[in-house]
1. As an exercise, use a Förster radius of 22 Å and the Cβ-Cβ distance of Arg169 and Asp198 to find the FRET efficiency, rounded to the nearest 0.05.
2. With labels modelled as points extended 7 Å from the Cα through the Cβ direction, what inter-label distance (nm, one decimal) is found for Thr134 paired with Arg178?
3. Using the Cα atoms as the points, what is the convex hull volume per residue of the range 119-237 in Å³?
4. What order do you get for 215-224, 68-77, 169-178 when each peptide is scored by the mean count of other beta carbon atoms within 10 Å, highest first?
5. In debye to the nearest 20, how big a dipole does the range 119-237 give about its Cα centre with +1 on each Lys and Arg Cβ and -1 on each Asp and Glu Cβ?
6. What FRET efficiency would be calculated for the residue pair Phe231, Ser63, taking the C-beta separation as r and a Förster radius of 41 Å, to the nearest 0.05?
7. If contacts are Cα pairs under 8 angstrom and at least 6 residues apart, what is the relative contact order of the range 28-113 in percent?
8. Run the numbers on the range 61-109 and let me know its relative contact order in percent, using alpha-carbon pairs under 8 Å that are six or more apart.
Amino acid sequence: MLRKLKSLLTLLPVLLLAACGGELNTPGEELRLLATQLAPAFIGETYSSNIRVVGGLSPYSYSLESGSLPPGLSLQGNTIRGVPSQQGRFSFTITVSDANLSKTFREFNLQVSDPPPAELSLNVPNTEMRRSFTLRGEIKNARNLQAFRSLITWDATLFELVPDSLQARRNDIVLFERYEEGRLNIDVAILAASLTGDYAVFELELRPLKASTIEVSSSTEFLASDGGHAFSQTREGRRPLPPTAENPAEPPNEPEEEETP
């Protein structure tokens with residue numbers, strides 16, 4: 001009998017833990033909301049952000065005390081989620097209470113804006129180029145991208161396009177190009193489903209006419225599958241240094257000798 005009683009006493013803490021779902025009431029650690037900044041939200045895009053709590057005793061209960069969430073978003077448990085439909089900066093206060101009937105609150109701010117435009121990166125080197133090199137075009141932060149066109153420019157006195165070097169890096173796109181000295185127009189059509197995220201799209205080669213650094217600019221228009229347009233401009237690389245006395249672009253003209261009578 002005594003042995004059975006000792007066994008029950010040994011199991012009692014385990015049974016108590018199981019009954020409270022693994023939670024232990026730890027007096028001294030007060031209930032509080034962590035002061036984390038909410039991630040920005042974008043019009044028409046699914047949003048989800050958690051409200052973090054420490055201390056107190058679970059289960060916790062969350063409520064919107066004052067202010068208003070952006071239209072399209074709601075507080076579901078400890079998560080703000082939904083699809084925002086209105087731009088602006090929204091301020092609101094969330095209250096949390098625990099199983100001990102303790103309560104605390106915190107004010108939050110949430111910014112809702114249009115999604116940022118996609119960006120074309122060409123991965124231009126920053127070093128002096130002395131032989132042909134490859135530029136790799138990558139689209140970053142694409143959202144339902146269906147097509148885009150880009151004007152890529154550089155100093156035509158220093159670099160030229162290697163003929164037939166423009167190549168697609170995906171099987172589901174078609175490229176069209178128009179080239180003039182220092183100017184390359186590229187039209188890209190995406191044949192399959194639209195692209196969302198970061199993707200390698202094309203590559204091309206440039207050949208230096210003389211050893212130099214290079215700066216490349218691109219102006220790009222993006223077309224989404226829903227018909228939306230966005231624009232971006234980028235500048236990459238390092239601008240060539242202007243000629244100096246120590247490193248002239250062309251040798252100076254020798255003065256003509258005067259004829260002696």
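1. Values: r = 13 Å, r/R0 = 0.57.
Efficiency, from the Cβ-Cβ distance: 0.95.
2. Taking the simple label geometry, Thr134 and Arg178 are separated by 2.8 nm.
3. Working: hull volume 10.2 nm³, N = 119.
Given the Cα convex hull of the range 119-237, per-residue volume reads 86 Å³.
4. Numbers: 215-224: 18.9, 68-77: 15.6, 169-178: 13.0.
Ranked from most to least packed, the peptides come out as 215-224, 68-77, 169-178.
5. Details: 13 positive and 18 negative charges, 35 e Å.
For the range 119-237, the charge dipole is close to 180 debye.
6. Working: r = 43 Å, r/R0 = 1.04.
Approximately 0.45, to the nearest 0.05.
7. Working: 206 pairs, mean separation 31.2, N = 86.
Result for the range 28-113 is 36 percent.
8. On the way: 82 pairs, mean separation 18.5, N = 49.
In percent, rounded to a whole number, it is 38.
Every number in this text was worked out from the coordinates using simple rules, so none of it is lab data. Quantities reported herein were computed from a predicted structural model and do not represent experimental measurements. Note that we place each Cβ from the backbone using ideal geometry, even for glycine, and neighbour counts take in every protein chain shown.
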